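Undergrad: First the structure, which I've put down as structure tokens, then a few questions once you've had a look.
The values are calculated or read from the model by the stated rules, or taken from the named source; none is laboratory data. It should be emphasised that the depicted structure is a prediction, and the values quoted were computed from it without experimental measurement. Quick reminder, even Gly has a Cβ in these numbers, built from the backbone with ideal geometry, and neighbours come from all protein chains shown.
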Amino acid sequence: MSMAATVVTGLILIVDDIPSNLDVISDALSDMGFDVAIATSGERALQQAERKPPDLILLDVMMPGIDGFETCRRLKASPRTADIPVIFMTALSDLNSKVQALDLGAVDYVTKPFQEQEVLARVKTHLQLRHLTQTLEQQVAQKTAELQASQMQLIQSEKMSALGQLVAGVAHEINNPVGFIGGNLFHADGFIKDLINLIDIYQTHYPEPVPEVQEELESIDFAYLRTDLPNLVRSMKSGLDRIQDISKSLRIFSRSDSISKAAFNVHDGIDSAILILKYRLKANDIRPEIQIIKNYGEVPLIECFPGQLNQVFMNIMVNAIDMFDEMAESSPSEDLEANPQKITIDTRLENNQLHICIADNGLGMDMETKARIFNYLFTTKGVGKGTGLGLAIARQIVVEKHSGSIEVDSIIGAGTKFIITLPI
Ligand SMILES: Nc1ncnc2c1ncn2[C@@H]1O[C@H](COP(=O)(O)OP(=O)(O)O)[C@@H](O)[C@H]1O
Ligand SMILES: [Mg+2]
């Protein structure tokens, strides 16, 4: 960053009780492209500086009313004007007043009669210095924010990977017992069919059993047992299928894949995220079930970090659910029944890119919110509810890890749509 390259412009306030003294300098500054304002007393200068803070002040020392030193003291005392560089213009050539000027926080002084070129050069230098200081301060603030954000993200991704490992471990542990229940159920089903068949044969050949058997048949309500047992087995099988689906989804969802990319069907990922969120999509005290509408297109497998993409899908859907819950708090339930809350997921291939749209028909967001949602730590949710990390992480995963893009479309009162584009 070279000083010479910086374009210097700005507003310069010249303070002197005899402004005609300054015609030359004022004209020269205007010619150089500066805006020039004039004040004829310390009091006026203070007022003007408060109202419209200039970028630099040229301040006369000897003035009726409050003198330049006092004016400078007051400028430095007000937060609004404290940082404005002040250059004293002094006829006094004694060392004391120069020292006093610098002690008061002035950046420089020029002595009368003026050397025009010298004054211009000093004004320019101090404006450049101020500009650089401001830029530096901004950069420091930005770097600090970035550092904080990356720390937060590190903590978050560590949590996610610990959670992922835990979930994968649980899914693995569930698999064994589920496997042998499944195997046994298959055999039990066959055995039960055989037994029932055997009893049927008995009943055909011995329609009039001895009283003891007859009593037992009645006491166990055999007729009912005979018809219900197959249903029971069927429902055990479907329960088992669900456990297997959940365990598979947990494993898909938590794929620990930080090292290398793998070919992945995004539909499996979206489905696994939906399954994980199932309990939140269900009807609750304040709203009916949230509907999921899938319009999956024909899309190829993509090379990606599956676990990370799943997190993106989940973060986006969690936000929609949060919003739907918030919306339900202020909507009569008839309204929600008439116009159900929906999350619509579209996937398609376009221009050799995979498009994934996740849309809700909820509250939408205003322009200011929309502009900030991908920022780290930006949240509109209460303490303990939002972290402001969900979309920032989603953006990072999509853009930085997968060279894709993520965009948002939102209309207040109509809903929000996230569009993720991934290269094939
Ligand atoms: N589907 C949506 N509808 C309305 N607002 C949303 C939606 N998704 C995200 N937002 C807004 O974006 C903000 C940031 O989201 P996010 O980064 O996930 O952080 P958090 O969920 O912790 O607030 C949310 O606080 C919310 O204001
Ligand atoms: Mg969120």
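Undergrad: For Arg255, state whether it is part of a helix (DSSP H, G or I), at pLDDT below 90 and among the charged types (D, E, K, R).
TA: It is false that Arg255 is part of a helix (DSSP H, G or I), at pLDDT below 90 and among the charged types (D, E, K, R).
Undergrad: For the stretch 303-328, name all the residues that are of a type outside the set (Gly, Ala, Ser), away from ligand 2 (no atom under 16 Å from the Cβ) and either under 17 Å from Met365 (Cα atoms) or assigned to a strand (DSSP E or B) (or both).
TA: Glu303, Cys304
Undergrad: Now for a different question. Could you say which residue among Ala359, Ala392, Ala328 is buried (at least 18 other Cβ atoms within 10 Å of the Cβ) and under 23 Å from Gln142 (Cβ atoms)?
TA: Ala392
For (1) basic (Lys, Arg); (2) within 8 Å of ligand 1 (Cβ to nearest atom); (3) at pLDDT below 95, each residue gets a yes or a no:
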site	(1), (2), (3)
Lys342	yes, no, no
Thr347	no, no, no
Asn351	no, no, yes
His355	no, no, no
Ile358	no, no, no
Asp366	no, no, no
Leu377	no, no, yes
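Undergrad: In the stretch 71-88, which residues are within 15 Å of Asp16 (Cβ to Cβ) and without any contact (Cβ under 8 Å) to a residue 40 or more places away in the chain?
TA: Result: Cys72, Val86, Ile87, Phe88.
Undergrad: Hey, among Ile12, Ile25, which residue is touching a residue at least 12 places away in the same chain (Cβ under 8 Å), under 28 Å from Val99 (Cβ atoms), aliphatic (A, V, I, L, M) and touching a Pro at 6+ places or on another chain (Cβ under 7 Å)?
TA: The conditions single out Ile12.
Undergrad: Given the criterion of a type outside the set (A, V, I, L, M), assigned to a helix (DSSP H, G or I) and touching a residue at least 12 places away in the same chain (Cβ under 8 Å), identify the matching residue among Asp200, Asp194, Asp189.
TA: The unique qualifying residue is Asp189.
Undergrad: Which ranges mark the strands (runs of 3 or more DSSP E) fully within the stretch 1-75 that have 3 or more residues being buried (at least 21 other Cβ atoms within 10 Å of the Cβ)?
TA: Strands (runs of 3 or more DSSP E) meeting the threshold: 11-15, 56-60.
Undergrad: Can I ask one more? Whether any residue in the stretch 280-302 is under 28 Å from Ile243 (Cα atoms), assigned to a helix (DSSP H, G or I) and out of contact with any Lys or Arg (no Cβ under 6 Å at 6 or more places or on another chain) is what I want to check.
TA: Taking every residue of the stretch 280-302 in turn, at least one turns out to be under 28 Å from Ile243 (Cα atoms), assigned to a helix (DSSP H, G or I) and out of contact with any Lys or Arg (no Cβ under 6 Å at 6 or more places or on another chain).
Undergrad: Of all the residues that make up the stretch 106-127, how many are in a helix (DSSP H, G or I) and surrounded by 17 or more Cβ atoms within 10 Å (Cβ to Cβ)?
TA: Summing the residues that are in a helix (DSSP H, G or I) and surrounded by 17 or more Cβ atoms within 10 Å (Cβ to Cβ) in the stretch 106-127 gives 7.
Undergrad: Only one residue in Ile321, Ile270 is crowded, with 21+ Cβ neighbours inside 10 Å and either away from ligand 1 (no atom under 16 Å from the Cβ) or of a type outside the set (Lys, Arg) (or both). Which one?
TA: Ile270
Undergrad: Looking at Lys385, Lys342 in this structure, which one is within 15 Å of ligand 2 (Cβ to nearest atom), closer than 26 Å to Asp285 by Cα, surrounded by fewer than 17 Cβ atoms within 10 Å (Cβ to Cβ) and in contact (Cβ under 8 Å) with a residue 40 or more places away in the chain?
TA: Exactly one of Lys385, Lys342 is within 15 Å of ligand 2 (Cβ to nearest atom), closer than 26 Å to Asp285 by Cα, surrounded by fewer than 17 Cβ atoms within 10 Å (Cβ to Cβ) and in contact (Cβ under 8 Å) with a residue 40 or more places away in the chain, namely Lys385.
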